[in-house]
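The values are calculated or read from the model by the stated rules, or taken from the named source; none is laboratory data. The model shown is predicted, which means the values in this text are computed figures rather than measured ones. Note that each Cβ is placed from the backbone with ideal geometry, even for glycine, and that neighbours are counted across all protein chains shown.
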């Protein structure tokens, strides 16, 4: 799968990647989009759950109808009911006119209930009825409102555990969990990371209005080694920050945050074999220090694209000292740049 197929210019809702987990999700999306089945999208924050919902909607027969997004965690519980179901004039202080809720706004289209795991229990009963009967009453009203709505819900919570603990209704859980789709975290599909970088580099070159950045090989290696706890959202934020702050057009490891670079620093090795008893045999201090020193030199050379003078500066030693240590550790100098 090439980037041109999923360019943000032609598809603002693109899910970028060609790893096996994503290919399986694409297949599910294509199948479920043709139906009105309820979908529950699971996954960590920043993995792209909203993109899954939008892809389902815009590939469905409802594509020309509204896609309404409600973040259940962002709206105070005291206001969430009126946001979802609307209210009649005079229903409460300040209700000077009647107002339609999100269910009505999504009629004939799709209602995306994001972070539904944070929905208060008192509302879960009303949501269940709206799902089952496709009808409800506005707050302060007696007239039943009918709405033909396709429901897609998403959460980063463990709903099965929430059901066991009594925080989430079991009947609502099974009503939502007709078609489950789990978005994998970025750390489990790092083969998609270069393609994601290319996508965001294109996107922010246009958005920021400056020449497109290039990520060099060493910097990309560090990005590939990082665990990305914030997932794709964290990567996008990094690319945007680089476009705003960088002066030149090439991203090097020195442009990356310390938390990414520091993960590449080798841990101090333990040279004791598993079947050895360190209290009896001890450890070989010189061999352990030598191994760590070699790994640090390799790390410094990688960080600086093999330029010896910069690697030496990074290690706070002279370049001649670095060359001596490289010879001692058998590091091939033929593949290392001299300047």
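On the basis of being assigned to a helix (DSSP H, G or I), assigned by TED's automatic domain parsing to the domain that holds residue 192, surrounded by 12 or more Cβ atoms within 10 Å (Cβ to Cβ) and without any contact (Cβ under 8 Å) to a residue 40 or more places away in the chain, does residue 242 make the cut? So residue 242 fits the description; yes. In segment 301-310, the residue that is modelled with the highest pLDDT out of those that are surrounded by 20 or more Cβ atoms within 10 Å (Cβ to Cβ) and under 19 Å from residue 215 (Cα atoms) is 301.
Of the residues examined, residue 134 is one that is touching a strand residue (DSSP E or B) at 6+ places or on another chain (Cβ under 7 Å) and free of Cβ contacts under 8 Å to residues at least 24 places away in the same chain. Residues in segment 37-56 that are outside any helix (DSSP H, G or I) and surrounded by 16 or more Cβ atoms within 10 Å (Cβ to Cβ): 38, 39, 40, 41, 42, 43, 44, 46, 47, 48. Please verify whether residue 110 is touching a residue at least 40 places away in the same chain (Cβ under 8 Å), in the same structural domain as residue 90 (by TED's automatic domain parsing) and under 18 Å from the mean Cα position of the chain (by Cα), treating the condition exactly as stated. Answer is no for this residue.
Yes or no, residue by residue, for (1) assigned by TED's automatic domain parsing to the domain that holds residue 234; (2) in contact with a strand residue (DSSP E or B) (Cβ under 9 Å, 6 or more places away or on another chain); (3) at pLDDT 95 or above:
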position: 147; (1), (2), (3): no, yes, no
position: 154; (1), (2), (3): no, yes, yes
position: 177; (1), (2), (3): no, yes, yes
position: 197; (1), (2), (3): yes, yes, yes
position: 203; (1), (2), (3): yes, no, no
position: 206; (1), (2), (3): yes, no, no
position: 209; (1), (2), (3): yes, no, no
position: 213; (1), (2), (3): yes, yes, yes
position: 216; (1), (2), (3): yes, yes, no
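As for segment 122-137, it holds no residue that is within 30 Å of residue 243 (Cα to Cα) and either modelled with pLDDT of 95 or more or within 29 Å of the chain's Cα centre (by Cα) (or both).
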